[in-house]
Structures are given as structure tokens and as C-alpha cells.
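Chemist: The structure's right below; bear with me while I get my questions together.
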Amino acid sequence: MADSIFTKIINREIPSEILFEDDRVIAIRDINPQAPVHLLVVPKTAAYANVSELAQGDAELLAHVVAMAQQLANEHTGGQYRLIFNTGAEAGQTIFHVHAHVLGGDLEEGTLA
Ligand code: 5GP
């Protein structure tokens, strides 16, 4: 299967604004922000297409993604944020390599990414 956009970003084959990286995840700024702060936390493994697969396959990695979301929110939005995992094309998922959206910074009431 072809590499996802996120695998290409992780491999530095396409550029992005990388905010954080460790051996398990990378955090980047979304190219098309839906909020004043819109970050993505992406596991480096491409083994999981969505959060349900990740929860079943590696709950510890999912917990790490959530912990990184909090850390980024502390650094970029004062600690309050919305955490979204689009799951399935009908729900708006476009990249089938699991990733968390971290949205923050003066969100309008009622908006969903
Ligand atoms: P999804 O719709 O799959 O939940 O989210 C994919 C997200 O990836 C979208 O918010 C989209 O703007 C973002 N995105 C797509 N291509 C790129 C890219 O090349 N660089 C970055 N930084 N974000 C991207």
C-alpha cells in the first residue's frame, strides 16, 4: 500500500511544521486549520487506520497520543482543547493513518472540525 501523507511527513519526504517528536509520535500543525490552534498528533506506525483500531491494537500508544495532546495544549492553548479522531470517510476522515486533532484557542461555540 502507498505511504500515507503522514508517513511521508514522518520520513521527511514532504515538509511540515513539526512541533514535537519522539520515538512513537510526531506532532505537526494542520495545513488547513479549523481553529486558531489546530495541531495533529500522529503515531509513527501506519499499522492503525483509526482510533478504534489503535485502541484495540495498542492502548498504551493511544494513551501516549492523549498525553501528547495535553502537553501540546498546555504549550499552545493554555491547556484547554478539543480532541477529535475522525473515524471513517462519512465522518470526515480523509487520511487513514490514525491521528488526533487538537483544537484550541478561542473556539466558537458549537463548532466541530
Ligand atoms: P482527517 O480528515 O483525516 O481527520 O484529517 C486529516 C488532516 O490532515 C486534515 O485536517 C488536513 O488539513 C491535514 N493535512 C492534509 N494534508 C496535510 C499536509 O500535507 N500537511 C499537514 N500539516 N496537514 C495535512
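The numbers here are math on the coordinates, done by the rules we state, and not lab data. In this text, all values refer to a predicted model and were calculated from it rather than measured experimentally. With ideal geometry, Cβ positions are generated from the backbone for all residues, glycine too; neighbour counts draw on all protein chains shown.
Chemist: With only Lys, Arg, Asp and Glu charged, each at its Cβ (+1 for the first two, -1 for the last two), find how big the charge dipole of the chain is about the Cα centre; round to the nearest 20 debye. Show your work: numbers first, answer last.
Modeler: Numbers: 6 positive and 15 negative charges, 28 e Å.
Dipole size: approximately 140 debye.
Chemist: In degrees between 0 and 90, to the nearest 10, how far off the longest principal axis of the chain does helix 59-76 point, with axes built from Cα atoms?
Modeler: So the helix axis and the longest Cα principal axis differ by about 40 degrees.
Chemist: Just going by the charge dipole of region 5-104, with Lys and Arg at +1 and Asp and Glu at -1 on Cβ, which of THR7, VAL51, GLN93 is farthest out on the positive end?
Modeler: The Cα lying farthest towards the positive end belongs to GLN93.
Chemist: Which order, highest average first, do 83-91, 35-43 follow once you tally other Cβ atoms within 10 Å for each residue and take the mean per peptide?
Modeler: On the way: 83-91: 13.7, 35-43: 21.7.
Per-residue Cβ counts within 10 Å, averaged per peptide and sorted highest first, yield 35-43, 83-91.
Chemist: Moving on. Pop out the ³J(HN,Hα) list for region 37-42 in order, Karplus 6.51 cos²θ - 1.76 cosθ + 1.60 with θ = phi - 60°, rounded to Hz; leave Gly and Pro as x.
Modeler: 10, 9, 10, 10, 10, 10
Chemist: Once amide H atoms are placed 1.01 Å from N in the peptide plane, what residues at a sequence separation of 5 or more from THR87, or on another chain, have their amide H within under 5 Å of its amide H?
Modeler: Residues meeting the criterion, in which the H sits 1.01 Å from N, are GLN93.
Chemist: For ALA49, list long-range residues whose amide hydrogen, built 1.01 Å from N in the peptide plane, is under 5 Å from its own amide hydrogen.
Modeler: Answer set, sorted by chain and number: VAL98.
Chemist: Taking other Cβ within 10 Å of each residue's Cβ, how do ARG24, ARG82, ARG12 sort, fewest first? Spell out each step's value before the answer.
Modeler: Numbers: ARG24 14, ARG82 18, ARG12 9.
The most exposed by this proxy come first: ARG12, ARG24, ARG82.
Chemist: Ranked by Cβ crowding within 10 angstrom, fewest neighbours first, how are THR94, THR45, THR77 ordered? Could the numbers behind the result be given before it?
Modeler: Details: THR94 7, THR45 16, THR77 20.
Sorted ascending by nearby Cβ count, the order is THR94, THR45, THR77.
Chemist: Normalised by the number of residues in region 1-105, what is the relative contact order in percent for Cα pairs under 8 Å and 6+ residues apart?
Modeler: Relative contact order, region 1-105: 30 percent.
Chemist: Sticking with this one: Going by how many other beta carbons lie within 10 Å of each one, how would you line up LYS8, LYS44, fewest first?
Modeler: On the way: LYS8 14, LYS44 17.
Ordered from fewest to most neighbouring Cβ atoms within 10 Å, LYS8, LYS44 come out as LYS8, LYS44.
Chemist: Moving on. Give me the Debye-computed log₁₀ of I(q)/I(0) at q = 0.11, 0.17, 0.20 Å⁻¹ for region 15-113, equal point scatterers on Cα only, no solvent, two decimals.
Modeler: At q = 0.11, 0.17, 0.20 Å⁻¹ the computed log10 ratios are -0.29, -0.72, -1.01.
Chemist: Between region 57-86 and region 1-32, what is the separation of their alpha carbon centroids in Å?
Modeler: Computed from Cα coordinates, the inter-centre distance equals 16 Å.
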